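To start, the structure itself, in structure tokens.
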Amino acid sequence: MKIIFLSIQIITMFFFQACATKEVEVERTIIFPPHPEEPRILYLTTYRGGAKEDNSNALDVFLGEKKSEKKVSNIVKPYGVGLQDGKVYVADTGSDAVFVIDEVTRELKFIGNGTAGRLASPVGIAFDKDKNLYVSDSRERKINGYDINGNLKFVLGDRLDFASPTGIAIDKNLHRLYVVDTKTHQFKAYDIATKEHLYSVGQRGTGDAEFNFPTNIAVDRRNGNIVVVDTQNFRVQIFDKEGKFVTKFGNVGNKPGTFARPKGVGIDTQGNIYVADSAFNNIQIFDEYGKNLLMYFGGGGYGPTQFRLITGVYVDENDKIVIADGFSGRVQTFQYVSEEWKKKNPQKYNELKSAPQDQIEQKTEK
């Protein structure tokens, strides 16, 4: 089913934010596109660690001008993110561990910081059908598998198998793990049960099925298509479940539909593709084959729905979105207002449609 988004002509003028901003974060409803357009993306909340987000400005804390009153273990440099069973998973390359944050209680646990299965540089996160957690370790050149309690179950690969494993994704229907190996300019497919290597796709180049330092990957749950961010070719490539090239979209530029530094990628239940750009600090949403840019959200800054060095993206089975904000040391969650979500949340949907959005108070730094 196709969905109607705000036209590209209207949003183009708002695409970039050139100035850094400071803001006062308060609880508010933020939706994209803004009222009176049909709501598509709903901001939910922000996490920095194991305690509820306070109102300290990120830049002030970073510069030492204001101290957070919360005593928490804070995320340092998030990259890969995921959602499972009411918990937010964050691969933190700055603290060499995976943060596991309860969405309700904000209780914090860690995976990969113990003796067994200790991580050196966690980057990508994925979950299999049995709820096991997979984490790529780019420094150790391997994939660690943990059970739901954080115990190490297996290790896939070594320095002979990977040069720099980064983004990973799992097809739960086919029981396959896909690994982007950035430095070999490939992605590789493995059978989850046997850990057997099935096939590899790619070499360095600019042609179809060739890559220039790819980084992230996602799987379309509907048909098994594999979507790979070809970062330094400034594009996204799509393959079928057997690794056959299907199509590509994007090129270098500074206008909607183009890329400057594409990184994270996620796919919702309707097949829409979410691409994070760490230069634009926003998410662009394309249709299932990238033929049409549907909308975007985000921009540079430190407030809610704003980013500094945006990296990983994940969209779960309920169309909840989690995004890693690398420089700000936090992750933000959103909800795609899909038709299914509207059916399950009719009262909330009516509120979003009828109530004008509060404007975020911003103070521009000169």
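I'm trying to understand the selection: among the residues of the range 92-110, which are among the hydrophobic types (A, V, I, L, M, F, W, C) and open to solvent by 10 Å² or more (accessible area, probe 1.4 Å)?
Val100, Val104, Leu108, Phe110
Residues of the range 195-211 being in contact with a Lys or Arg (Cβ under 9 Å, 6 or more places away or on another chain) and not in a loop (DSSP other than H, G, I, E, B), which ones?
His197, Leu198, Tyr199, Ser200, Val201, Phe211
Could you check the range 111-144 and list, in sequence order, the residues that are over 21 Å from Ser164 (Cα atoms), modelled with pLDDT of 95 or more and open to solvent by 70 Å² or more (accessible area, probe 1.4 Å)?
Lys129, Asp130, Lys131
Can you pull out the strands (runs of 3 or more DSSP E) entirely within the range 298-366 that have at least 2 residues that are of a type outside the set (A, V, I, L, M) and at pLDDT below 95?
362-364
Hey, can you tell me all the residues within the range 31-72 that are among the polar types (S, T, N, Q), surrounded by 15 or more Cβ atoms within 10 Å (Cβ to Cβ) and at pLDDT below 95?
Across the range 31-72, the qualifying residues are Ser56, Asn57, Ser68.
Cβ-Cβ distance below 6 Å, separation of 6 or more or different chains: which pairs start in the range 246-260 with a residue that is more than 21 Å from Asn223 (Cβ to Cβ) and in contact (Cβ under 8 Å) with a residue 12 or more places away in the chain and end on one that is β-branched (Val, Ile, Thr) and in a loop (DSSP other than H, G, I, E, B)?
Listed by first residue and then by second, the contacts come to Asn251/Thr258.
Pick out the one residue from Gly243, Gly266 that is assigned to a loop (DSSP other than H, G, I, E, B), at pLDDT 95 or above, small (Gly, Ala, Ser) and within 20 Å of Thr182 (Cα to Cα).
Gly243
Considering (1) open to solvent by less than 10 Å² (accessible area, probe 1.4 Å); (2) part of a loop (DSSP other than H, G, I, E, B); (3) closer than 22 Å to Asn212 by Cβ, say which one Val228 fails and leave the rest.
So Val228 meets the others, but not (2).
Which residue out of Thr182, Thr215, Thr166, Thr206 is over 24 Å from the mean Cα position of the chain (by Cα) and of a type in the set (Ser, Thr, Tyr)?
Thr206
Scanning the range 73-91 for residues that are of a type in the set (Ser, Thr, Tyr) and under 24 Å from Ile192 (Cα atoms), which turns out surrounded by the fewest Cβ atoms within 10 Å (Cβ to Cβ)?
Tyr89
The values are calculated or read from the model by the stated rules, or taken from the named source; none is laboratory data. The shown structure was predicted, so the numbers you read here are calculated from the model rather than taken from an experiment. Note that each Cβ is placed from the backbone with ideal geometry, even for glycine, and that neighbours are counted across all protein chains shown. The area values use the complete protein model at the heavy-atom level, side chains included, leaving out ligands, DNA and RNA. Shrake-Rupley method; radii C 1.70, N 1.55, O 1.52, S 1.80 Å.
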